[in-house]
Structure formats: C-alpha cells, structure tokens
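*Asks:* Below is one structure. I have some questions about it.
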Amino acid sequence: MDYDFRAIEATWQRKWKETEAYKVTEDSERPKFYVLDMFPYPSGAGLHVGHPLGYIASDVFARYKRHKGYNVLHPMGYDSFGLPAEQYAIQTGQHPAITTEENINRYRDQLEQLGFCYDWSREVRTSDPSYYRWTQWIFGELFESWYDTQAQRARPISELESAFSENGNFNVHPACHEQWWQGLSFPHFGAHFDGSFTATDWDSMNMAERQELLMCFRIAYLADSEVNWCPALGTVLANDEVKDGLSERGGHPVVKKTMRQWMMRITAYADRLLNSLDHLEWTDSVKEAQRHWIGRSEGASVRFAVANRDGQPDPSGAEVEVFTTRPDTLHGVAFMVLAPEHTLVESLTTEACRADVDAYIEAAGMKSERDRQGDKSISGVFTGGQVIHPLTGALVPVWIADYVLAGYGTGAIMAVPAGDERDWRFAKHFDLPIPAIFEGVDTNEAACTDKNATLCNSGEWNGLRAVDALSRAIEWVETHGCGARKRNYRIRDAVFSRQRYWGEPFPIMYEGGIPKRITDATVTLPQVDAYLPTEDGEPPLARASREDWPVFRGDAMETNTMPGWAGSSWYFLRYMDPHNNVTFCDREKSDYWGQVDLYVGGAEHTTGHLLYSRFWTKFLCDRGYIGFDEPFKSMINQGMILGRSNFVYRIQGTNTFVTASQRKDHHTQRLHVDINLVENDKLDLEGFRAWRTEFADADFILEDDGTYICGHEVEKMSKSKYNVQTPDDLVERYGADTLRCYEMFLGPLTQHKPWDTQGISGVHNFLRKIHRLYTGDNADLPEKSSEEALRIVHKAIAKVTDDLDRHAFNTVVSALMIAVNDLGALNTNLGRDALQPLAVLLSPYAPHLAEELWAASKGPGSVLDATWPEALQSYLTEDQITYPVSFNGKVRFQLALSASLSAQEVEASVRQDERTAAQLAGKDIRKVIVVPGRIVNVVA
RNA sequence: GCGGGUGUGGUGAAAUUGGUAGACACGCCAGACUUAGGAUCUGGUGCUUCGGCGUGGGGGUUCGAGUCCCUCCACCCGCACCA
C-alpha cells in the first residue's frame, strides 16, 4: 500500500479538531511545560519556508514534552498592530482591521495545514480590544506606579503621595531624572531649589501642581524629550527602531525633535535587567547585546567650576559636570569638550569666539543623525571659556565638538589626550597640549589606554598603577566635594508615544490639561476620515471628533497610540488566561504556568522586544500581579533560511540561452529564473518558454545530454529573485510531515542555511519506508519482535531522546532513518513491541503519519498521549566489541573481543594477535593504551 | 574598533566528555527491472602518484586532536565617536 499522505493528513487533522486534541487546561497533577514561539506579524505576503522553521522545532519539542508526561502549553497568536496595515490603509482607505483580519486568516490556514499542536482556543491578537484593553490596563498601572530605588521595586503612586504628605521627599527615593525639578511650572521651586521639599510644601500645592510633580516620578510619564522624529512616517521612533540614522522600517531619514511624549522609565530597571541576565539560558551573543544596550559603566562624576574672565570661580557658581571612567587620569586633563547642545555653551562662550561657536552649532544642527554618526572626521571649536581644575587649580579651556554626545553621561567630557584615543586625536588636530602622565610612555606618538601603566606628574598618585589609583581618585573627589562615585548607563528611558493610527490608544484623557487614567472602559480606536496625521502635525487620532470616539472622557483624549512593542511585551501571559475579562491573567494561572520554559524565535529581537518584555515582567512582578520576574527562561534563536536562486544565461542581444557550463564561451547576461521551472538545476524548457511571452521562442544551447543546466546561488528569499519557496507547494507535493522532517533535517536549527528542495525527496522516501514497515505484504502483527529488531529500536530510542534533550533536532531524523533502514534490512515481521515505540519516536516530527502507524500497530488511543518509550539498557549493550587496533595512532586492523574483558585482557589479546607482530616488524612495544569499549593504541 | 559566531567531500551536514573523520541525506557513477518517466530496487562514491594525505593556515600539548592551548587568515551577524 502506498503512503497516501494527503488522505492521512486530512483524516488526522479532522480527528484532532473533533477531539480537541490540543486543548490544554491547568492540571496540578502534572508538571507544566511552556513552549512559546515569537508570534508573527501577519504580513500580506503569507509564509515562506523560512517562517515555519522555528515553529516546527517548538512543535517537535512541545509534542516530545507531552509524551514525557508534561502538561504542555503551546499557543500561537498574532502581533497584529503594525505599520504595513496602516500604510495600506493610507493608500487605499481600507480600515487596517480588515487587512489584518484577511492576513491572519491566510496565516492561520497555512499554519493549520502544517499540523502544529497549538491550542487555538488560546489564540491572541494584539489589535483585538479584548486583548489591548489589558495592554491599556498595564499602561495604567505603570502610570500609577513609581520606582523605589531603595527597595528596588515598583510601588503604587499612592504610597508616594502618602510619603510626601508625611515627610515631603526626605525619606523617600523615587527613581527620577537627576534634576527632576527643572522645568516645573509652579512657584514653590525657585532658582535655588535643590530638590528637597517638606510635607508643608506638598500640602500647600493644589491638585494640578501635585500632579505635575508626581509626573516626575511615575514609571509611565509625560515629558518633553528629544525624540527620533521620522518625517516620512510622521511619527517618533524608539532608539532601537533607528538604524544608522534611518528608520528600521522603510529606511527613511530620522531627525531629532523635542516633543511632549509618554516615556517609560526603563532606566530604573537597568541594574536588574543587567544582573538577572546571568541566570537565563540564552546565547552569549544575545546576552552580550543586552548588556551592551544597557551599557553600565563605573566611574566618577567630577565637577569643574566655571571660571570668570579673571580666572576666578564664576560668582554664579556654575559648574561643568563630567562623567569619567578614568578619574585616575585627572592630572592629564588638557581641555574640556562639551556637546554642541550643552546648556552651558551659551554662557561659556566669549564674545570673541561667539561667531565661530554659533556657526559650529548651526552646522551640527543641520547634520542629520546619520551624517553625524557616519562622519568620523575631527571637528570642534574653542568657546573662549575656561573652567578650574579641581585638583590643581589650573585653568582648563573649554571646547565644543560633536564627538561628544549630548545624550550620554552629562554631555561633557574632561579630555585626557594621554589616556584616550579620541581626546588624543582631537589634541593633535588642534595642536593642544598632551600632558604626560604615564611613566616611560611617549604619549606624543599615541594615547596610552593600558590601565597597568604607572602614573607620573600626578601629585600624590605618582608611582601608582592606573588601576590602583582609580579608587584613590574617586575618594579624593568625594572628600573634596567636587565629585562622586558614579555608575552611568547607556540605556535611555523609552519613548512610548507614536503618531500612528493602527496601535493601542492610551487609556488617558485630559482634564484642564492634566492627564488622567480611564479605568471604567476600554478606549477603542475611533473612526477617522484618513489614516494620516492632521495638517498641523497632530496624530491621526486627532482627526476624530468627540462623537467619533466610542469612549470619550474629560476635555480631550490622548491622541497618540502605543508603540509596536506594547502588546508584545506581555502576550505570553495572556495565553495563560486568554478569555478572562476581569483581569489580564488570573494569578493562579500565571502561578501554574509560570515562566516560558522554551522560547523559540529569530535573533533580530535581541534588544527591543526582549528588553521591553523583561522590563514589563519585572514591573508586574513588583506589583504582585505575577510571581516571577523574568519571562523567558531559555531561548533558542533559529537561523535564517536562505533561498537558492537559479539563473539562465542569455547571449547578449539574442534570445538564445546557453547552458551554465558553456556560458564562458559567450557574452551572456545572467537572469533569475523561477525555481519552480527548475529541478536539480535542470531547466524545464517548455515551462520556461511558457513562463513569459518574451521567452516563447527562446533557443537553447544545451549540454551534451540535451539538458539545460542552470547556474545557482544562495541569496535571501525574495519575490524579485524568483526563489521564494512557499510551504503550500511543498505540502501539496510531499505532505506536511515530509516538510516538517525536512526542515529539521536541513541542519542545526540555530545556523543559517540555504534552502534546497533537492534533498526533500530523501526525507519523503524515509517516510514511505517507515510506512512500509507497518503495512508490509504479510502485515499480521505479532506481539514480539526479534531481538535484533528490538536492539535497533532501543538504540534509536536512546539516541532520539538524548538528541531532543539537547535540542539537536536535525540528528533525530538521521537516527530514525538509520533505524528504519536497519529494520527494513532485517526482512522479518516486526511486532508491536518494536512498531509502537517507533511510532511514538516519529510522532513529534511526523504527527499525522505517526497516528496512522500507531493505529496500524494497534496502539491504544491517540499517539499524542502515548508515553515516551524508555531505552532498555539490556538492548543497548553489545556482548562483542570490535576494537580498532592502531599503531602509533594509525588504525591497522580490527579485533572482535568479548565485551566483558578487562583492559588487561584486551591488551593481552592484542599482544598475542599475529597481526600485531607483523605490524611491529621487529620493534618493541613501548606501551599499549586500551580505552575500554573504544580503541586500542599500540605505541612502538 | 568592540562583542558574538562560523570555516569539515561536488552539496546540506555528522562526530555530546580528546579515541576508527565524513554517519544520515542530496547529487553523481554503475547495474537490475523496465522500454525512452524526473519511477523503483541493488551496489559504489573524500583525495591519492596506492607509499600515503586529509577537518581555513602555522605552531604546541598528548599514546591519540575536527575537538584542548597559542597564533594568523577568511567570511557572517550585532554594536559602533558611549567618555
């Protein structure tokens, strides 16, 4: 009987649906296991063969864990807010919800035909109001929380209000900007305010003033901030959405702009986000990328008093504060450099220098972020101003230059040309002094960044190695009141507002200009007449009138929407309790399912998604809504599947195509040819002529055997290269089981690899062969199999189990092929005791066929719930071992010996063997090394 | 520049703690059955001057190295004036 994969797959998919075979519920009797895929954005193009790779691996693992007795949660959903649907809406006027729905349906069809074991009853869509009402709720909680830097956790804002009314801000340490009070609009805080206020101050404030003050401490807060504005997209972007000064999506230019935006105080979590990385089972590269993104560095802040014209401290008390990781090089400071945007530039600049400084600032402002990043040439101007060195009292000239970034540290540096390469280049370029501070190092030739160098010309630190002077230097600045030990971070608070339509609306209204949380309703998207920003640059939602809003409270609604990462930061929690309309996820359920045990997805989300969901998870944990503070315990990043393009070679100016091997004899033009017209690099000539009218009368110069061989190359899959392979075609031709096995067989999951359809027939053949084992000519089913058959099966059990445990998905297929080949070669009837375990081993990879074979071998119930077989040691141990015997490391002959022999006995047998004497050719044996069960090496 | 990774047959790749390098599969070659199907089955297939040589190059440790150490090279990914 043939392997009729179409009938088999259709039958079992229907049965599974009928029996709700993949539905899971909490079950305290069984251990849980949570396997999660990064959910897709449902794009209009549908899936190509690269997309399901990770899904297949996670599906295999989920099924394996189910066989192992775990209660497995394995859900799927859609990250369905996003730009493409919105841009399609802008072009066509069609509501993005319609586009999104269509795309989801297509995805769902494609996913279903692959036979994944998703519990579809748990599907989530981030753009569904029943989902995003809880995204809004989490935002609301973030809005109503502050971060206690002493307790290192988020707390309700009401507790901060209580603290203020009891003691002002004296015994409370909320995370906030260093000079959070700057920019407050009300009179309590004058020019000399230092950030402290009393309970009386607080009590004297009115509601609006209190709200304005509290806004400085909320975890989700409104602030004027310099943002990445993308004029082409009409929206702001987060730092990780900007690559090389261009938008990640669309590649449009991005400029800096100050706007009032919702922000997320992720910086409060910087240390925890960094520290808990150590316990995650993620790749080093992802963890390193996160560490770098957070960018913690240790050092000191040092303040330099601004000098007046006479070289005395300026009466205003103004100071330039810098952050440095090398306070030990303080004696080497030759000049200061401020970012052009630094607030003190204006007052430091002398009249004589003003024209140059203004010109430089203007030029820097004109440059886009991209230009500024790309331009590594040295530029800068002297301001004319000076500051006073806190250690030596010397006057230090102040420059501005755009290699100093306004957004990092304090936007100002102390330049130590002897110890820093950029400072050194700057000094050389402008012919500034390079004070020598390292013993025996000529810093006129290059900067010295070696921390083991010995200091000189450094007062009381002379003779110390730089590393050792570090802590002395920090102590010194601290005791002299001109600085402090400091940790600095690269990570910024995240901008959370987007000027888009197709995103979560904020649950925020304004009353008298004061933002307030809406808790009594879900704020759904209003209808608008166009999906573009308004004429005066307001977000698309501002087009909606009061009546257009399904929910409208207060004087005005917030018209920004949330960024793409909002919904994806917590979706793994919603799967646990997807239909709850009382809370985002019942605590009992999240306690049961807990962390995602295995997360599978591409590595392209290393900074954005992973960082943000870790942040939200920690927050929800702080507030007691869930019981764990890291979302993804272990993670596998699958590699990209590349396309294999085929080419034909047209002789210039003709319609004649020459086969690959002879193309060098002609002047040819290489053209992509649709891979569907090519098999094993041989072109289907008729198909090619029919492909396009221009090729209808094409001539060919062929190989000797009359075939046309195409050229090939591995490239990214894309429509324009005609190398896109959709799963649909392959499922149609070979079946889902074959495709699943083949994608796993292709190579290590984490590696990038070219897609090559040639190999799929081998895997398909394997499934046919295994099918034949169960439906052979004399298909009567004995209870017992032969000893030999059981040895083969148990060897496979051991290998497959071991490989799955270490996520070696590709070698499992090989192991099964070996077992099937060996069993086929036995040419004997197999019994249930061999066929049933074999069906279970197959089931994670080829679930449809496994069900069929399970039934054929009279297995009880569904194979899905069959217990994973255990490899019995008695079948694994051999009683004879064939030892390769090597002489000086070169294998010369084989020697079969009883497995029970000791090492000494093995050695004796080797010494006695006549072939040994022949190999020695008279030489003496110096040593014999016996590795029991493996090899014998004779050293002569 | 910094961080992470990868280099093994014609191709995708195996080799988990150092122990017969190339399993499994594709492709290719030969044969069988067929009579022109890209079907099926069987056998062969790293290179070789048949001594050997072979895991990017060079060196080292070891009885023994794809695997460990040092060094160099190539390619891929991420970050990038981060003080």
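*Asks:* For region A:412-440 and region A:127-169, compute the distance between their C-alpha centroids and round to whole Å.
*Replies:* Using only Cα atoms, the two centres lie 46 Å from each other.
*Asks:* Hey, how much of the P(r) for region A:504-559 falls beyond 13 Å, as a percent of Cα pairs?
*Replies:* Looking at region A:504-559, the distances longer than 13 Å represent 57 percent of pairs.
*Asks:* Per residue, what volume in Å³ does the convex hull of the Cα atoms of chain A enclose? Mind showing how you got there, number by number?
*Replies:* On the way: hull volume 263.3 nm³, N = 940.
Convex hull volume per residue, Cα atoms: 280 Å³.
*Asks:* Can you show me the helix-derived [θ] at 222 nm for chain A, built from DSSP H runs with n ≥ 4 at -39,500 (n - 2.57) apiece and divided by the number of residues, rounded to the nearest 500.
*Replies:* Values: 30 runs with 314 residues, N = 940.
Here the helix-only value at 222 nm equals -10000 deg cm²/dmol.
*Asks:* Rounded to the nearest 20 Debye, what is the dipole magnitude of chain A about its Cα centre when Lys and Arg each give +1 and Asp and Glu each give -1 at the C-beta? The partial results should precede the final answer.
*Replies:* Working: 95 positive and 132 negative charges, 356 e Å.
Rounded to the nearest 20 debye, it is 1700 debye.
*Asks:* With a 1.4 Å probe and all protein chains kept in place, how much accessible area does residue A:455 have, in Å² rounded to the nearest 10?
*Replies:* Residue A:455 has an accessible surface of roughly 0 Å² with all protein chains in place.
*Asks:* Residues of region A:811-940: accessible area per residue at 1.4 Å, in Å²?
*Replies:* Value for region A:811-940: 50 Å² per residue.
*Asks:* Protein chains only, probe 1.4 Å: how do A:173, A:764 rank by accessible area, largest first? Please list the in-between numbers first.
*Replies:* Values: A:173 75, A:764 25 Å².
So the residues, ranked largest to smallest area, are A:173, A:764.
*Asks:* Roughly how many whole Å is it from the C-alpha centroid of region A:449-526 to that of region A:747-764?
*Replies:* Between the Cα centre of region A:449-526 and that of region A:747-764, the gap is 47 Å.
*Asks:* Can you work out ³J(HN,Hα) from phi for every residue in region A:220-237, in order, using Karplus 6.51 cos²θ - 1.76 cosθ + 1.60 and θ = phi - 60°, giving whole Hz and x for Gly and Pro?
*Replies:* 9, 9, 9, 8, 6, 8, 7, 10, 7, 9, 10, x, 5, 8, x, 8, 8, 10
*Asks:* Another question about this same structure. To check you understand DSSP bridge types, tell me what percent of the beta bridges within chain A (both residues inside) are antiparallel, rounded to 5. Present the calculation step by step, with values, prior to reporting the outcome.
*Replies:* On the way: 88 of 111 bridges.
If we restrict to bridges inside chain A, about 80 percent are antiparallel.
*Asks:* Let me ask something else. About its Cα centre, how strong a charge dipole does region A:880-939 have in debye, to the nearest 20, once Lys and Arg get +1 and Asp and Glu get -1 at the Cβ? List each step's numbers first, then the result.
*Replies:* Working: 8 positive and 5 negative charges, 54 e Å.
So the dipole magnitude of region A:880-939 works out to roughly 260 debye.
*Asks:* For the modelled label position 7 Å from the Cα of residue A:451 along Cα-to-Cβ, which residues of region A:291-318 have backbone nitrogen atoms closer than 20 Å?
*Replies:* Backbone N within reach: A:291-302.
*Asks:* HN-Hα J couplings of region A:489-498 from phi, Karplus 6.51/-1.76/1.60, θ = phi - 60°, integer Hz, Gly and Pro as x?
*Replies:* Computed from phi, the couplings for region A:489-498 are 10, 7, 5, 10, 4, 8, 6, 10, 9, 10 Hz.
*Asks:* Whose amide H sits under 5 Å from the amide H of residue A:387, counting only residues 5 or more places off or on another chain, with H placed in the peptide plane?
*Replies:* Under 5 Å from the amide H of residue A:387 lie the amide H atoms of A:307, A:396, A:398, each far enough along the sequence or on another chain.
*Asks:* Please work out the average accessible area per residue across region A:448-556, using the 1.4 Å probe convention, and give it in Å². Present the calculation step by step, with values, prior to reporting the outcome.
*Replies:* Numbers: 5100 Å² over 109 residues.
About 47 Å² of surface per residue is accessible.
*Asks:* Moving on to the next point. In the full protein assembly as shown, how much of residue A:19 is accessible to a 1.4 Å probe, in Å² to the nearest 10?
*Replies:* The accessible area of residue A:19 comes to roughly 90 Å².
*Asks:* Keeping all protein chains in place and using 1.4 angstrom, which order do A:694, A:161 fall into by accessible surface area, from largest down? Working shown, then result.
*Replies:* Numbers: A:694 90, A:161 65 Å².
Heavy-atom accessible area, descending, gives A:694, A:161.
*Asks:* Order the peptides A:24-30, A:398-404 from the highest to the lowest mean number of other Cβ atoms within 10 Å of their residues. Could the numbers behind the result be given before it?
*Replies:* Numbers: A:24-30: 11.3, A:398-404: 23.6.
Highest-to-lowest ranking by the protection proxy: A:398-404, A:24-30.
*Asks:* Follow-up. Need one number: nm distance between label points at residue A:666 and residue A:536, each 7 Å from Cα along Cα→Cβ, rounded to one decimal.
*Replies:* Modelled inter-label distance: 6.7 nm.
*Asks:* Solvent-accessible area per residue for region A:380-419 at a 1.4 Å probe radius, Å²? Numbers along the way, then the final one.
*Replies:* Details: 1150 Å² over 40 residues.
Roughly 29 Å² per residue, with all protein chains present.
*Asks:* Separate question: Below 13 angstrom from the Cβ of residue A:213, what's the summed charge of the other residues (Lys, Arg +1; Asp, Glu -1)? Kindly include the intermediate steps, with their values, before the conclusion.
*Replies:* Working: positive: A:210, A:218; negative: A:161, A:201, A:203, A:209, A:212.
My count for the surroundings of residue A:213 gives -3.
*Asks:* Heavy atoms of the protein only, probe of 1.4 Å, neighbouring chains included. What is the accessible area of residue A:51 in Å², nearest 10?
*Replies:* 70
*Asks:* Moving on. Can you list residues whose amide H is under 5 Å from residue A:511's amide H, if they're 5+ apart or on another chain and H is modeled 1.01 Å from N?
*Replies:* Excluding prolines and chain starts, which carry no amide H, the hits are A:516, A:555.
*Asks:* Quick one: Cα convex hull volume of region A:880-939, Å³ per residue? Working shown, then result.
*Replies:* Working: hull volume 4.0 nm³, N = 60.
Spelled out: Cα convex hull of region A:880-939, divided by residues, is 67 Å³.
*Asks:* Still on this structure, I have one more. Whole-Hz ³J(HN,Hα) for each residue in region A:707-717, computed from phi via Karplus 6.51 cos²θ - 1.76 cosθ + 1.60 with θ = phi - 60°, x for glycine and proline: what do you get?
*Replies:* 3J(HN,Hα) across region A:707-717, in whole Hz: 9, 9, 9, 8, x, 8, 7, 8, 9, 4, 6.
*Asks:* Also, quick follow-up: Only four residue types carry charge here, +1 at the Cβ of Lys and Arg and -1 at the Cβ of Asp and Glu. Report the dipole size of region A:837-940 about the Cα centre in Debye, rounded to the nearest 20. Could the numbers behind the result be given before it?
*Replies:* Values: 9 positive and 11 negative charges, 152 e Å.
Dipole of region A:837-940, to the nearest 20 debye: 740 debye.
*Asks:* Give the long-range amide H neighbours of residue A:145: residues separated by 5 or more places, or on another chain, with amide H under 5 Å away, using H modelled in the peptide plane at 1.01 Å from N.
*Replies:* Under 5 Å from the amide H of residue A:145: A:157, A:219, A:220.
*Asks:* Grab the Cα-Cα distance for residue A:870 and residue A:912, subtract it from 0.36 nm times how many residues apart they are, and report the gain in nm with one decimal. Numbers along the way, then the final one.
*Replies:* Values: separation 42, 0.36 × 42 = 15.12 nm, distance 4.06 nm.
Here the segment from residue A:870 to residue A:912 would lengthen by 11.1 nm.
*Asks:* On to the next question. With 21 Å as the cut-off, how large is the P(r) tail for region A:297-488, expressed as percent of Cα-Cα pairs? Could you put the intermediate results ahead of the total?
*Replies:* Values: 9133 of 18336 pairs.
That tail contains 50 percent of the Cα-Cα pairs.
*Asks:* Hey, any idea what % of chain A's accessible area is carbon plus sulfur with a 1.4 Å probe?
*Replies:* Details: 19640 of 41700 Å².
The nonpolar share, carbon plus sulfur, comes to 47 percent.
*Asks:* In addition: With a 1.4 Å probe and all protein chains in place, put A:490, A:806, A:574 in order of accessible area, largest first. Don't jump to the answer; show the numbers that get you there.
*Replies:* Numbers: A:490 90, A:806 140, A:574 5 Å².
If we order A:490, A:806, A:574 from most to least accessible, we get A:806, A:490, A:574.
*Asks:* Mind jotting down the distance between the C-alpha centroids of region A:225-290 and region A:915-940, whole Å?
*Replies:* 64
The values are calculated or read from the model by the stated rules, or taken from the named source; none is laboratory data. Because the structure is predicted, anything quoted here is derived from the model rather than measured. Here Cβ is always computed from backbone atoms with ideal geometry, including for glycine, and neighbour counts include all displayed protein chains. Areas reflect the complete protein model, heavy atoms only, side chains present, ligands, DNA and RNA absent. Shrake-Rupley method; radii C 1.70, N 1.55, O 1.52, S 1.80 Å.
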